[in-house]
Amino acid sequence: MKKSLMAGWLLLIAAAGCGQVESRSYEALLRTLLRHSVPEMSVREAARDTGHYLFLDAREKREYEVSHLAHARWVGYETFDLSRLHDIPKDTPVVVYCSVGYRSEKVAEQLLSAGFKKVWNLYGGIFEWVNQGYPVHGPEGPTDAVHAYDATWGIWLKKGKKVYR
C-alpha cells in the first residue's frame, strides 16, 4: 500500500514538471535548447494573471513591432541594456519572453544577477503563447501576426500568421 501510494506521488510530481507546452517535439527541443538556469513559468500560469507581471520582450525591435504580449515592454537581446530598466523596482514580478525562450533566458539571467528578485522565463516563448490561443497585439491592437524569426524556427509556431520581415 505504501509503495503504491509513493509511486502515485512520484508520478504526480513528475507529471507536474512536464507538459508546459502542448507539443511533445517542442518540449523535447526546449529541454535541450534551454539551460533551465532561471525559474520558468508556463504560458498557462502567466496568462492567468497578466496584470500581476511586467512582461519584458527580449526579441529584436522588428519582431516586437509585428506583435507582442499586451503591455509588454521591449528590452531586446542584442541591444539589451540594464540601464534602460532603472525605473523598475527590483521586487517587481517580471516575466521575460522571446520567440522560444532562449534569448529571454539569457536576459533573465542578467536581471537576476543585477538583483531583480522575481524573474521568470516564459517557457516556450511567444510561440507557445500563440499556440495555446492567447492574444498578441500589434501597433493597431489585437492581431494574428507573429514574427516567426526565420523559416527554421517558424516551424514551431503552429497558430497565427507568420511574418518574416
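Derivation of every value follows stated rules applied to the coordinates shown; laboratory data play no part. Everything numeric in this text was worked out from a predicted model, so none of it was measured. Neighbour counts run over all protein chains shown; Cβ positions are idealised from the backbone, glycine included.
The table below lists the values:
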item: Helix 102-113 vs. the chain, principal-axis angle (Cα, 0 to 90°, nearest 10); result: 90 degrees
item: The chain: most fluctuating residue of Gly76, Gly51, Gly138 per GNM, C-alpha cutoff 10 Å; result: Gly51
item: Spacing of the two label points (7 Å from each Cα toward its C-beta) at Lys158 and Ser113, in nm; result: 3.5 nm
item: Debye intensity ratio in log₁₀ form over the Cα atoms of region 2-163, taken at each q of 0.11, 0.17 Å⁻¹; result: -0.44, -0.98
item: Net dipole in debye of the chain [+1 Lys, Arg Cβ; -1 Asp, Glu Cβ; about Cα centre; nearest 20]; result: 480 debye
item: Sequence of Thr32, Thr79, Thr92 once ranked by neighbouring C-beta atoms within 10 Å, starting from the fewest; result: Thr32, Thr79, Thr92
item: Protection proxy ranking, peptides 96-103, 146-153, 109-116, average beta carbon neighbours within 10 Å, highest first; result: 96-103, 146-153, 109-116
item: Theoretical ellipticity at 222 nm over the chain - DSSP helices of four or more residues, -39500 (n - 2.57) apiece, nearest 500; result: -10500 deg cm²/dmol
item: Number of Lys pairs (Cα under 16 Å; 8 or more positions apart or on different chains) in region 28-165; result: 4
